[in-house]
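Worksheet for the structure shown next.
The values are calculated or read from the model by the stated rules, or taken from the named source; none is laboratory data. Everything numeric here is computed off the predicted structure, so don't read it as measured data. Glycine also receives a Cβ, built like all others from the backbone with ideal geometry; neighbour counts cover every protein chain displayed. Accessible surface is based on the protein model in full, side chains and every heavy atom, while ligands, DNA and RNA are left aside. Shrake-Rupley method; radii C 1.70, N 1.55, O 1.52, S 1.80 Å.
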Amino acid sequence: MCDRIFLVLLGVPGAGKGTQAKLLEKQFQLPQISTGDIFRYNLKNETDLGKLAKSFMDKGELVPDSVTIEMVKDRLSQSDCANGAIMDGFPRNLVQASAFDEIIDRHGGIDLVPLIALEDDEAMRRITGRRVCRSCGAVYHVDFSPPKQEGVCDIDGGELYQRDDDKPETVRNRLYVYYKQTSPLIGYYYAKGLLAELDGSQEIGQVNVTLLSLLAEKGVIIE
Ligand code: ADP
Ligand code: ADP
C-alpha cells in the first residue's frame, strides 16, 4: 500500500459516494471527508458556518468556494488525515479542484479519482428514498438498504430522517448544479490520468468489490 492515500470520489448526487466512502473508511482506516456532512453538523449546531451554508443547501446551490476551501484546509490539517483521506463531495467545481491540488501537493497529490457512474433516474430514486441517522449520520435507503426496524438506526438507535434537500424539487436543481459545475472535473482529472470510472448501478457490496479491484489495478493498494 502507498504511504498515503488520497482519493476523490466523483458522481452525481445519489451515486453512492458516501456509502462507498464509509466502507473504504473501515477497510483502510482512512477518514471520510464529506463536506456535506460537515455543513450538516454545523447546521445542527447552529454555528455561523451552518447558518451561512443553510441558505445555499436549501436551494441545492453550492456554498461559496472561499468558505468551503477554508473548511477543508482546516479538516485536512487534523492528525487523522496524516495517512490520507477519502474525499466525498469535495472538490465540486474547478476552483475547488485547483485549490485542492495546491493543498494536497505537499501530501504527495491525489492517487485516484473514482467516478461512480449512475443514470439520473436511478440517482433520483436513490436520493428520494435516502434516510440518514440524526445522531451518527449513517445512511440507509427505504428499499435498497433498509434498517432492521423502520425509522431507527441499526448502529446507535438514532432517529432516521429525510434530508430537506432530498425532496424532488431540490434534487433536480442539485443534478443541474452537478452537470454545470461538477462534471467539468471529469475532464480535469482525466487529463491528469487520475480518472477511473466504475458502474455504480450494481448493489452496494458489488460496487465496493469493483472499487477495490480498481484501486488494486491502478496500484493504489496491494491486494
Ligand atoms: P450529496 O452527497 O447528495 O451529493 P452532499 O451531502 O455532498 O450531497 O451536499 C449537500 C449540499 O451541501 C450541497 O447541495 C451543497 O449545498 C453543500 N456542499 C457540499 N459539498 C460542497 C462543496 N464542496 N462545495 C460547495 N457546497 C457543498
Ligand atoms: P451520495 O453520497 O453519492 O449522494 P449515498 O451514498 O448517500 O450517495 O447514496 C444515496 C442513496 O442510495 C442512499 O439511500 C444509499 O443507501 C443508497 N445507495 C447507495 N449505493 C447504492 C447501491 N449501490 N444500490 C442501491 N442503493 C444504494
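Checked against (1) closer than 15 Å to residue 117 by Cα; (2) within 13 Å of ligand 1 (Cβ to nearest atom); (3) open to solvent by 20 Å² or more (accessible area, probe 1.4 Å), residue 185 meets all criteria but (3). Residues in segment 27-39 that are open to solvent by 20 Å² or more (accessible area, probe 1.4 Å) and more than 12 Å from ligand 2 (Cβ to nearest atom): 27, 28, 29, 38. Taking residues in segment 176-200 that are farther than 19 Å from residue 120 by Cβ, and partners anywhere that are outside any strand (DSSP E or B) and open to solvent by 60 Å² or more (accessible area, probe 1.4 Å), the pairs with Cβ atoms closer than 8 Å and at least 6 places apart or on different chains are 188/94; 196/218. The conditions of being free of Cβ contacts under 8 Å to residues at least 40 places away in the same chain and surrounded by 16 or more Cβ atoms within 10 Å (Cβ to Cβ) are not met by residue 81.
Tally time: how many residues in segment 40-49 are part of a helix (DSSP H, G or I) and away from ligand 2 (no atom under 14 Å from the Cβ)?
So the first thing to find is which residues in segment 40-49 are part of a helix (DSSP H, G or I), and the list is 40-44, 48-49.
Now drop any that are not away from ligand 2 (no atom under 14 Å from the Cβ), which leaves 41-44, 48-49.
Within segment 40-49, residues that are part of a helix (DSSP H, G or I) and away from ligand 2 (no atom under 14 Å from the Cβ) number 6.
With respect to (1) farther than 21 Å from residue 186 by Cα; (2) away from ligand 2 (no atom under 16 Å from the Cβ); (3) open to solvent by less than 10 Å² (accessible area, probe 1.4 Å), the lone exception for residue 24 is condition (2).
The residue that is surrounded by the fewest Cβ atoms within 10 Å (Cβ to Cβ), counting only those in segment 208-223 that are farther than 10 Å from residue 114 by Cβ and out of contact with any helix residue (DSSP H, G or I) (no Cβ under 6 Å at 6 or more places or on another chain), is 222. When the test is whether a residue is open to solvent by less than 40 Å² (accessible area, probe 1.4 Å) and either at pLDDT 95 or above or at positive phi (or both), residue 56 does not pass it. For residues that are out of contact with any Leu (no Cβ under 9 Å at 6 or more places or on another chain), in a loop (DSSP other than H, G, I, E, B) and either touching a residue at least 24 places away in the same chain (Cβ under 8 Å) or within 16 Å of ligand 2 (Cβ to nearest atom) (or both), tally how many sit in segment 50-77. The number of residues fulfilling the criteria is 2. For segment 1-20, check the following and say yes or no: at least one residue is hydrophobic (A, V, I, L, M, F, W, C), open to solvent by less than 40 Å² (accessible area, probe 1.4 Å), more than 8 Å from ligand 1 (Cβ to nearest atom) and out of contact with any helix residue (DSSP H, G or I) (no Cβ under 8 Å at 6 or more places or on another chain). No - not one qualifying residue is present in segment 1-20.
Selection of first residues in segment 135-146 that are in contact (Cβ under 8 Å) with a residue 60 or more places away in the chain and of second residues that are within 15 Å of ligand 1 (Cβ to nearest atom) and part of a strand (DSSP E or B), restricted to Cβ pairs under 7 Å at least 6 apart or on distinct chains, gives the following pairs, ordered by first then second residue: 139/130; 139/132.
Within segment 111-133, the set of residues being more than 15 Å from ligand 1 (Cβ to nearest atom) and surrounded by fewer than 21 Cβ atoms within 10 Å (Cβ to Cβ) comprises 111, 119, 121.
Any residue in segment 161-171 that is closer than 27 Å to residue 220 by Cα, open to solvent by 40 Å² or more (accessible area, probe 1.4 Å) and free of Cβ contacts under 8 Å to residues at least 40 places away in the same chain?
no
Screening the candidates 157, 109 for the property of being more than 16 Å from residue 35 (Cα to Cα), away from ligand 2 (no atom under 13 Å from the Cβ) and free of Cβ contacts under 8 Å to residues at least 40 places away in the same chain yields one hit, 157.
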